[in-house]
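Here is the structure we will look at, set down as structure tokens.
Throughout, read-outs are computed from the coordinates displayed, never taken from laboratory work. Nothing here was measured: the structure is a model prediction, and the numbers come from that model. When we count neighbours, we look across all protein chains shown, and the Cβ atoms used for this are built from the backbone with ideal geometry, even at glycine.
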């Protein structure tokens, strides 16, 4: 008799055979064997087979469910994990959740923004006396923080009788995830000041999102923590490199990478993608080329993250041909890839080629993002003469914001010139940082042009955007025509001349 391979076609033949044998009365298996089999299937992402073994086990216990729950959460199948969790109690006392089960369920609640269910599960742990368990507490802290309740998370953290480094990391990560970077830094500083427990690689990774625009003293504090770590894993090195790169400390990033090589630490794709921008910024072309050789030798070229970083590095070092070679060799390109090469051509004065690439990107069905628009607008300043009327506008709606750009023409409206492209770029960047408003009009500096756009498209602006648009429009008009016919906005949001 052959095993029923059609039930789980993704499994290897040996897995089918073993699963089939376990179902036969003549081949009984111990509970330990069945648990190991569930664990093996889960590790291979063969979760339907793992569930089949669980369902076929008459003597299943909490351990069976915990193993499968861990596999489901690792595969980000959090709703399935919660359904499995809900099915445990009806199975009987032998399948009641324990201190290993609840952290997995709370993790799935955090991933699905399930605050209500998370509260219920946390209350269950309190009734069972498990709320003091460190694993449960860590998961509850993360759940509250990721579900938009960082104050509840911090209250739990404060009430913990014993805090290990994972407790601190969970609180730092929770504040960072909630965007409360200042509070995350406060917790980090408190941990460092205590000197026990010692920060670890998890601490470095947890604080990283809060170090985007860090103070010099905070970077020095993190560097001190890094230097004092006895065992520096790759996560720690990558985190320190990222802090330097994100804060434009490119010389320090390159020096740290050289130290990493001297210490014999093998970099991964994340390491190389992190240090490559710094190589470009300090024109460390020789190091960049060596990294490129490492990527080729280790056959890491299939990483789009690395290929995009390589393009930027070569472009910043003035090697446009090498940047284009990397672009042409890519098997798959995303918007970031196209934006990188467009920006490279624009920075080197090849505006026409940049515009051609932009049109090719749009022709392939890729929607430009805000950074792509900034890149093409910068390139337009090098290609005024080659822009046609058909390139006059571009409309984008990606359910986050609507951007109307009439900048490609870069010419006259009623015989008057538009503003310099640096104004476009500055204005765009300011709007991108203005909470990603859904409706944004990029006013190009000419008063009547601004009014025409607003009236034509009926866009909605808040006070900050209106004042910013007025600033750009009136500033340029004042330079050319004085104070006559300046534009203002009424309280109702309508624009008028004064």
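Classify region 146-233 as rounded, prolate or oblate, taking a ≥ b ≥ c as the square roots of the eigenvalues of its Cα gyration tensor: rounded when a/c is under 1.5, otherwise prolate if a/b is larger than b/c and oblate if not.
Oblate is the answer for region 146-233, as a/c is 1.5 or above yet b/c matches or exceeds a/b.
Given Cα pairs under 8 Å that are at least 6 residues apart, what percent is the relative contact order of region 333-386?
Relative CO of region 333-386 lands at 49 percent.
For region 333-386, what size does the Cα cloud have along each of its three principal axes, sorted from largest down, in whole Å?
Principal axes ranked by extent give 27, 17, 16 Å for the Cα atoms.
What share of Cα pairs, in percent, lie more than 15 angstrom apart in region 213-266?
When all Cα pairs of region 213-266 are counted, 44 percent exceed 15 Å.
For region 255-353, what is the Kirkwood hydrodynamic radius in Å, using each pair of distinct C-alpha atoms?
By the Kirkwood definition, the hydrodynamic radius is 13.6 Å.
Apply 1/(1 + (r/R0)^6) to the Cβ-Cβ distance of residue 190 and residue 356, taking R0 = 45 Å, and write down the FRET efficiency to the nearest 0.05.
It comes to 0.25.
Show me the ranking of peptides 57-67, 99-109 by mean Cβ neighbours inside 10 Å, starting with the highest.
Sorting 57-67, 99-109 by mean packing, highest first, produces 99-109, 57-67.
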